[in-house]
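Since the structure comes first, as structure tokens, the remarks are kept for the end.
The values are calculated or read from the model by the stated rules, or taken from the named source; none is laboratory data. On a predicted model such as this, the values are computed, not experimentally measured, just so you know. Here the Cβ is made from the backbone with ideal geometry for all residues, glycine too, and neighbour counts use every protein chain on show. Surface accessibility is based on the protein's heavy atoms, side chains included, excluding ligands, DNA and RNA. Shrake-Rupley method; radii C 1.70, N 1.55, O 1.52, S 1.80 Å.
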Amino acid sequence: MDEGIRIDPWSSQQSTDYSRIRDQFGLGTIERMDIPNPSMHHRRGIIFAQRDLDVVLDAARKNDPFGVLTGLMPSGRMHLGHSMVIEQVKWFQNQGADVSIAVADLEAHATRGMSLEQCRTTALKEYVLNYAALGLDSEQTSVYFQSRRPAVQRIGFTLGKRTTLSEMESIYGFQGDSNLAHIQAPLVQAGDILHPQFEEYGGLRPIVVPVGVDQDPHIRLTRDLASRSNWFNVKPRKAGGLSIALSIQDENASVFGVGERGRVDRDVRSNIFESIHNALSSFGFSDIISNPKHGLIEIPAATTRDRGSIRIALLRLERQLGGLGLLPPSSTYHRFAIGMTGDKMSSSRPETTIFLDDSVSDMEKKVKRAMSGGQSTVEEHRRLGGDCEKDVAFQYLLTFFEPDDAALEEIRREYSSGRMLAAEIKQICIDRASEWLTNLDEKRNSIVDQIDDFLAIDAL
Ligand code: TRP
């Protein structure tokens, strides 16, 4: 029987069947989206899927505010795999996003036994320093610590009532013997992702979270928690148009005029409906069908394109009425770069990746030993050509070190035709990587005194 692909953030397995992953998890494609100033990751299909990215691109197009958020585990050293997310954060920043970065110190403390003090040192010296060197702009970046932001912890706690142990088990594979810290961490992380929408952290606006596809369970959980907390559900209507349904919950029952045994107070309900009409007035729909008793509003003329702005208008109303008013986060997904040995890239096995502060000579050794797509003899290689798909040198040029598309295509042609040998493509990779590492090292040295500029006030 086909069991499907199990993806979870803690697995050592890694599927690379990306179109299957996309279908199985209901992710959207990137191909037909109109991405402005596409980065090399967009152009090369490395970013291969998304959820609700259109909401973010719309905001960017209209110069409306939007944010990008990522988080880091302050353990170990930063390597090439980590830099992929930062490249995307940087791209969103260039399109106008404000940047929030969560240091997952509570998570690292609870699940990896690190002290908060150790977490802080590692986060600043290792991660934030490299983020700065990779080109994030300190003016629009705000790094904070989970342990120092009660809002994050509070919302993580509050949202706990929107899920159950069985759901956490089925999303993450938790079992009876799972550590509670592990079960709590995804809720705190949902707090990370959602809290930038609070008034004191920038207010209601789309937030996008770029991740590797193994992190999708976190995104799904967070999106579900946010939608479940919403007071108004906007859905496509069978007969065309959109419908808005009140979502009656403990928190809003009295506001929505629901009394004992579900009895509806007509006056309260009709006031709510008037507020909804007001919230929708600027859209200019001529026909709005109201059914206050059943808590339903239908807008036959609305299109799916209106859905985003209608949702935002209703989240504003929800906030006025006392709700959280949370927009589910958007996300983008990138493919994993292969590990240098041909299997998964991992901080715990240094030979599988290049660390951002590796010396040029260490990098050179790793590239020389890396998995090659070359044939076993020169004669055979000339005849059959090299395999770019499994050649680490080629893949690293594609993913990290060769930004020039024409130059990359030239290398691909030469190598796959057999004119270029395995040792030659490795040398090209070494040259480009050494330029890249040296450049990064210089940037780190020039910016090391300015790390505080990246920190939020509560992180200083
Ligand atoms: N749990 C993530 C990791 O293991 C770190 C993290 C914490 C995070 N909060 C986040 C990632 C929010 C993305 C968004 O690396």
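Tabulated values for the structure
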| read-out | value |
| --- | --- |
| Positions within the range 206-240 being crowded, with 19+ Cβ neighbours inside 10 Å, more than 16 Å from the ligand (Cβ to nearest atom) and either more than 14 Å from ALA190 (Cα to Cα) or among the acidic types (Asp, Glu) (or both), in sequence order | ASN230, TRP231, PHE232, VAL234 |
| Count - residues of the range 36-51 that are surrounded by fewer than 18 Cβ atoms within 10 Å (Cβ to Cβ) and either charged (D, E, K, R) or in contact with a His (Cβ under 6 Å, 6 or more places away or on another chain) (or both) | 2 |
| Within the range 52-86, considering residues that are in contact with a Phe, Trp or Tyr (Cβ under 7 Å, 6 or more places away or on another chain), in contact (Cβ under 8 Å) with a residue 60 or more places away in the chain and not in a helix (DSSP H, G or I), the one most open to solvent (accessible area, probe 1.4 Å) | ARG77 |
| Some residue of the range 190-200 being over 15 Å from ALA226 (Cβ atoms) and not hydrophobic (A, V, I, L, M, F, W, C) | yes |
| Number of positions in the range 250-271 that are touching a residue at least 40 places away in the same chain (Cβ under 8 Å) and open to solvent by less than 50 Å² (accessible area, probe 1.4 Å) | 2 |
| Index of the failed condition, THR111 passing every other in (1) away from the ligand (no atom under 15 Å from the Cβ); (2) touching a residue at least 60 places away in the same chain (Cβ under 8 Å); (3) among the polar types (S, T, N, Q) | (1) |
| Residue selected from the range 94-104 under the condition of a type outside the set (A, V, I, L, M, F, W, C) and surrounded by 20 or more Cβ atoms within 10 Å (Cβ to Cβ), by the criterion nearest to the ligand (Cβ to nearest atom) | SER100 |
| Matching residues in the range 69-81 - criterion: being of a type outside the set (Lys, Arg) and more than 10 Å from the ligand (Cβ to nearest atom) | GLY76, MET78, HIS79, LEU80, GLY81 |
| Members of the range 383-418 found to be assigned to a loop (DSSP other than H, G, I, E, B) and of a type in the set (Lys, Arg), listed by number | LYS390 |
| Breaking point among (1) away from the ligand (no atom under 16 Å from the Cβ); (2) not in a loop (DSSP other than H, G, I, E, B), for PRO36 | (2) |
| Candidate set from the range 179-204 (those that are away from the ligand (no atom under 13 Å from the Cβ) and open to solvent by less than 10 Å² (accessible area, probe 1.4 Å)); member that is nearest to SER100 (Cα to Cα) | GLN197 |
| Unmet requirement for SER359, which otherwise passes all of (1) under 24 Å from VAL211 (Cβ atoms); (2) open to solvent by less than 60 Å² (accessible area, probe 1.4 Å) | (1) |
| Long-range neighbours under 7 Å by Cβ, at least six apart or interchain, first residue under 16 Å from ASP52 (Cβ atoms) and without any contact (Cβ under 8 Å) to a residue 60 or more places away in the chain within the range 214-238, second open to solvent by 50 Å² or more (accessible area, probe 1.4 Å) and within 16 Å of the ligand (Cβ to nearest atom) | none |
| Residue under evaluation GLU169, criteria (1) at pLDDT below 95; (2) open to solvent by less than 50 Å² (accessible area, probe 1.4 Å), criterion not met | (2) |
| Residues that are over 17 Å from GLY323 (Cα atoms) and within 31 Å of the chain's Cα centre (by Cα), drawn from the range 227-272 | LYS235, PRO236, ARG237, GLY241, LEU242, SER243 |
| Residue among TYR131, TYR144 that alone is more than 13 Å from the ligand (Cβ to nearest atom), more than 21 Å from ASP52 (Cβ to Cβ) and either touching a residue at least 60 places away in the same chain (Cβ under 8 Å) or crowded, with 21+ Cβ neighbours inside 10 Å (or both) | TYR131 |
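Table: residues versus (1) surrounded by fewer than 23 Cβ atoms within 10 Å (Cβ to Cβ); (2) within 13 Å of the ligand (Cβ to nearest atom); (3) hydroxyl-bearing (Ser, Thr, Tyr).
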position	(1), (2), (3)
LEU106	no, yes, no
GLN118	yes, no, no
VAL152	no, yes, no
THR164	yes, no, yes
ASP177	yes, no, no
